[in-house]
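Colleague: Here you go, one structure.
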Amino acid sequence: MTMLTHRFDSALSALLPRAVTRPHRAPEVDRVVLARRSTRAFTDQEVDPAQIREILELAARAPSGTNMQPWQAYVITRPTIARIAAKIDACGVAPEKAQWDDYRYYPDKIPAPLNARRRAVGAALYGALGIGRRDVQAMRTHFRRNLDFFGAPVGIFVTVSRRLEQGSWLDLGMFMQTLLLVAEARGLATCTQAAFAPFHKVIRPEIGMGEDEILVCGIALGHAEQSAPENSFRTERAPLDDWARFVPVAAEV
Ligand SMILES: Cc1cc2nc3c(=O)[nH]c(=O)nc-3n(C[C@H](O)[C@H](O)[C@H](O)COP(=O)(O)O)c2cc1C
């Protein structure tokens, strides 16, 4: 056994007693999947640093192509969150005007029915906050809250090397969703935030992120402010038959 394998096995066995599964675990997993949601207001309660490490180690159990594990994560806490938010404010570019100059999340024209789904989540969020459809200023003020991770005590920036291909972005998505679920299973709330990506030039030097990395997302982590209106709505999902086709065997086509 090489040193590397040995170190890896010890780390894994340290996690297993907590992560070990029971035979009929579907209801438990399903509950966690269903309970996860994007949280946009957090309490002041801190997150134990040991728990953050545990969540990251479990998230890294996510699958990745040829087990390359191409993710990089930068964990920051309130003072750094505040410093970065202030620097972004000072850079003079409003969040809604920022250029997606390192990668693009959305095309200019989002096709139907995806554009309607996108509008629905905006309507649900701003509706919950009592922001009218024409109140652009209030929407911008809310959107600015992305930059302080919605008040979360912990922010995680995830990056991927620009020397890699799209496959590694799939891996990063796997990592991120695993992180969200293990956090949820511990009673911690999250919000994935691509809103940081256009500010990579400001964020880069603050976290020591190399030029060869692409800032893909931020993830807010903390305890949900249960009474906050922005946490009061649930997003819907399109019915299964809209997007899944159970292809009949060739003879029946
Ligand atoms: C990669 C990614 C980036 C996202 N970026 C943002 C963001 O910048 N700000 C935000 O408020 N929500 C963001 N979201 C949250 C989505 O709006 C949310 O996942 C979606 O509306 C579904 O709602 P749910 O997460 O509560 O199920 C992002 C989600 C993903 C997966």
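The values are calculated or read from the model by the stated rules, or taken from the named source; none is laboratory data. The structure presented is a predicted model; accordingly, all values stated were derived computationally and were not measured. Reconstructed Cβ throughout: ideal geometry from the backbone, glycine too, with neighbour counts over all protein chains shown. With ligands, DNA and RNA removed, areas are computed over all heavy atoms of the protein, side chains included. Shrake-Rupley method; radii C 1.70, N 1.55, O 1.52, S 1.80 Å.
Colleague: At 222 nm, what helix-only mean residue ellipticity would the chain give, in deg cm²/dmol to the nearest 500, using -39500 (n - 2.57) for each DSSP H run of four or more?
Modeller: Dividing the helical sum by the residues of the chain leaves -13000 deg cm²/dmol.
Colleague: Here's a follow-up. Would you look at the GNM of the chain, springs on alpha carbons closer than 10 Å, and say which of Gly208, Gly173, Gly151 moves the most?
Modeller: So, out of Gly208, Gly173, Gly151, the one fluctuating most is Gly208.
Colleague: For region 102-152, report the accessible area per residue in Å² (1.4 Å probe, heavy atoms, rounded to an integer).
Modeller: On the way: 3460 Å² over 51 residues.
In whole numbers, region 102-152 has 68 Å² accessible per residue.
Colleague: Using a ≥ b ≥ c from the Cα gyration tensor of the chain (square roots of the eigenvalues), is it rounded, prolate or oblate, where a/c under 1.5 gives rounded and otherwise the larger of a/b and b/c decides, a/b for prolate?
Modeller: rounded
Colleague: Here's something else I'd like to know. Using +1 at the Cβ of each Lys and Arg and -1 at the Cβ of each Asp and Glu in region 91-205, identify which of Leu181, Gln193, Gly127 lies farthest towards the dipole's positive end.
Modeller: Farthest along the dipole direction, towards plus: Gly127.
Colleague: Just how large is the dipole of region 112-253 about the Cα centre, in debye to the nearest 20, putting +1 at every Lys and Arg Cβ and -1 at every Asp and Glu Cβ? Present the calculation step by step, with values, prior to reporting the outcome.
Modeller: On the way: 16 positive and 15 negative charges, 106 e Å.
Using Cβ point charges on Lys, Arg, Asp and Glu, region 112-253 gives about 500 debye.
Colleague: Same structure again: Using DSSP to call loops (not H, G, I, E or B), can you name the chymotrypsin sites (Phe, Trp or Tyr not before Pro) in region 85-187 whose Cβ has at most 15 other Cβ atoms within 10 angstrom?
Modeller: Trp100, Tyr103, Tyr105
Colleague: If you take every DSSP beta bridge whose two residues both sit in the chain, what share of them, in percent to the nearest 5, is antiparallel?
Modeller: Of all bridge pairs located within the chain, approximately 95 percent are antiparallel.
Colleague: To the nearest 0.05, what FRET efficiency results for Asn67 and Gln99 with a Förster distance of 45 Å applied to their C-beta separation?
Modeller: Working: r = 35 Å, r/R0 = 0.78.
Result of the calculation: an efficiency of 0.80.
Colleague: Also, quick follow-up: How large, in percent, is the carbon and sulfur part of the accessible surface of the chain at a probe radius of 1.4 Å?
Modeller: Summing carbon and sulfur atoms, their accessible area is 57 percent of the total for the chain.
Colleague: Related question: If the cut-off is a Cα-Cα distance under 28 Å, which lysines reach Lys87, setting aside same-chain residues fewer than 8 apart in sequence?
Modeller: Result set, ordered by chain and number: Lys97, Lys201.
Colleague: Additional query: At a Förster radius of 35 Å, what calculated FRET efficiency corresponds to the Cβ-Cβ distance of Ala123 and Val29, to the nearest 0.05?
Modeller: The computed FRET efficiency comes out at 0.70.
Colleague: Let's see if you can work this out: charge +1 on each Lys and Arg Cβ, -1 on each Asp and Glu Cβ, no other charges. What is the dipole magnitude of the chain about its Cα centre, in debye to the nearest 20?
Modeller: Here the size comes out at about 460 debye.
Colleague: Continuing with the same structure: Computed FRET efficiency, Cβ-Cβ of Val247 and Glu165, R0 30 Å: what is it to the nearest 0.05?
Modeller: Here the calculated transfer efficiency is 0.55.
Colleague: Using a 1.4 angstrom probe on the protein heavy atoms only, line up Trp243, Trp71 by accessible area, largest first. Can you show the working numbers first?
Modeller: On the way: Trp243 165, Trp71 30 Å².
The ranking, largest first, comes out as Trp243, Trp71.
Colleague: With a cut-off of at most 16 other beta carbons within 10 Å, and DSSP calling the residue loop, which GluC sites (Glu not before Pro) in region 161-209 qualify? Please list them.
Modeller: Loop-located and lightly packed - Glu165.
Colleague: Taking the solvent-accessible surface of protein heavy atoms with a 1.4 Å probe, what is the per residue accessible area of region 191-234 in Å²?
Modeller: 36 Å²
Colleague: For the chain, modelled as a GNM with alpha-carbon contacts under 10 angstrom, which of Met176, Met68, Met209 fluctuates the most?
Modeller: Fluctuation is largest for Met68.
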